[in-house]
1. With a cut-off of 19 Å, note down the residues of region 18-58 whose backbone N falls inside the zone around a label point 7 Å from the Cα of Thr133 toward its beta carbon.
2. Can you put Ile143, Ile99, Ile174, Ile216 in order, fewest other beta carbons within 10 Å first?
3. In which sequence would Met238, Met169 go, from the one with the fewest C-beta neighbours within 10 Å to the one with the most?
4. Rg and Dmax of region 7-206, using alpha carbons, in Å: what are they?
5. When Lys163, Lys34, Lys258, Lys69 are ordered from fewest to most other Cβ atoms inside 10 Å of their Cβ, what list results?
6. What is the log10 of I(q)/I(0) for region 210-256, computed with the Debye formula using one identical point scatterer on each Cα and no solvent, at q = 0.18 Å⁻¹?
7. First measure r as the distance between the Cβ atoms of Ile216 and Glu39, then evaluate 1/(1 + (r/R0)^6) with R0 = 30 Å and state the FRET efficiency to the nearest 0.05.
Amino acid sequence: MTQPAPVVRTDADGVATLQLNRPDAMNSLDVATKVALREAVEAVAIDPAVRCVVLTGSGRAFCVGQDLKEHVTLLTEDPQSPALFATVEEHYNPIVETILTMPKPVIAAVNGVAAGAGASLAFAADLRIVADTAGFNLAFAGIALSCDTGASWTLPRLVGQAKALELLMLPRTIPAAEAAELGLTTQVVPADEVAAVAGELAARLAAGPTVAYGAIRRAVRHSAGAALPDALAHEAEMMALTGATEDHQNAVNAFVAKEKPVFHGR
């Protein structure tokens, strides 16, 4: 019997939706799923037809992180096996780096609980549409592990270093309402509206100035670790890049003509 694909990609009108597809395992990440997700995010990142990416889960969870059943099997076979944690460099790191650096916006449609690496994946997105029944849990310390999938980089930028340390060192489930107060969500909506709201937002972004969105992503993330002169110089580079685009010229022409601009993502 053929196993269903662990990650399902759906494309429509410039939006690529990547759905984790292990609902019975709460979309936990075994090796096959991590490989499929890595390949999927790398593919949409370079696809010129894709102008916005949505990452979501199937069933009642967004993603509960590492598949611990698979992890326990490896640990039992050989506690010193390098394969146990090679997955960070082979899978998690390239996945999150691609999400954070692709030249187009990324939305996490958090349909349910997001824990461990699953929470980290959501935090790597630009925008998070979160079900009111969902929650985040930085579960790493609960199993005596450090954090991965970019959480040490993204979480302090969302909530500040002190709160990030608290959430990582004292893991608990953060309900959607509290997550909103902390700045971990863009919008909290009823669970049955997550896909629709995320879809509307993705359609809006996919119809926007894609190069400008990519440049904004780069500028904001560059400035987080840059001195002011370097950040300003990088801003100048991004302005030169976007100023030379067809979208900018069309927008200026539309402004002069008192019309609404139409963007083509180039």
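1. The answer is 20-28, 56-58, whose backbone nitrogens lie closer than 19 Å to the label point.
2. In increasing order of surrounding Cβ atoms, one gets Ile143, Ile216, Ile174, Ile99.
3. With the fewest neighbours first, Met238, Met169 line up as Met169, Met238.
4. Values for region 7-206 (Cα only, Rg and Dmax): 15.8, 49 Å.
5. Sorted ascending by nearby Cβ count, the order is Lys258, Lys69, Lys163, Lys34.
6. Each listed q corresponds, in turn, to -0.56.
7. After rounding to 0.05, the efficiency reads 0.65.
Values in this text are rule-based calculations from the coordinates and carry no lab data. Small disclaimer: the values here were computed from a predicted structure and weren't measured. Cβ coordinates were reconstructed from backbone atoms using ideal geometry, including for glycine residues, and neighbour counts include every protein chain displayed.
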